[in-house]
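Peer 1: Here it is, the structure, as structure tokens.
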Amino acid sequence: MSALHLVPTSAAAGRPAPGPSPVRRLAAVPDGATSSPEPRQTDATPASRPAALREAPEARGILQMAGENREVCAITRGTVQAAVEVLAGTRPIQQLSRRLDQHCLASLQHRAALTRRLAAGSSPTAGRLHRNPAVRSVRACEVAEGIYEASAVVVDELRVRAVAVRLERSNQVWRITALEIG
């Protein structure tokens, strides 16, 4: 294992400039690579970087997948939060019409009606169902090109729930085609 040294990347880094202090950029250099005491100049263009620092095509694909995974997790988090709020009666279901497909929307609307009917009953705990929901964690996994399945953990006043979601990309828009709330 070799040590890395940090060296300034501009020639003027050793001289103070008048006015506010300039930002110093440092580059990591393997031990023994700096035979001269002069600072190294590095260019910002990818072609001028060493081969080890250039981004490989497979690395770009991994970064793109990681960004897509984060996007899916964010969509899942917001949609699950909104769906549980619909069940609690604090959010109108029409706000989810752009994200959910028609089958999921109808199913959620039916469950919300049943929850409201149960809450109107004589059970003391039924009125507190789905109160103050909070999404604790979200995990997503790509099962096919443009199709993800995600799970979320939701905590409310009475219990902890698991939610399963299936997202599919069509026309650059993510739509939820399956929503199961435990």
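Peer 1: In the neighborhood of residue 151, defined by Cβ-to-Cβ distances under 15 Å, what is the net charge if each Lys or Arg adds +1 and each Asp or Glu adds -1?
Peer 2: So the surrounding residues net to +2.
Peer 1: What is the calculated FRET efficiency for residue 68 to residue 157, with r their C-beta to C-beta distance and R₀ = 30 Å, to the nearest 0.05?
Peer 2: 0.30
Read-outs: derived from the displayed coordinates by stated rules, not from any lab. These figures come from a predicted structure and were not determined experimentally. Every residue, glycine among them, receives a Cβ derived from its backbone with ideal geometry; neighbour counts consider all protein chains shown.
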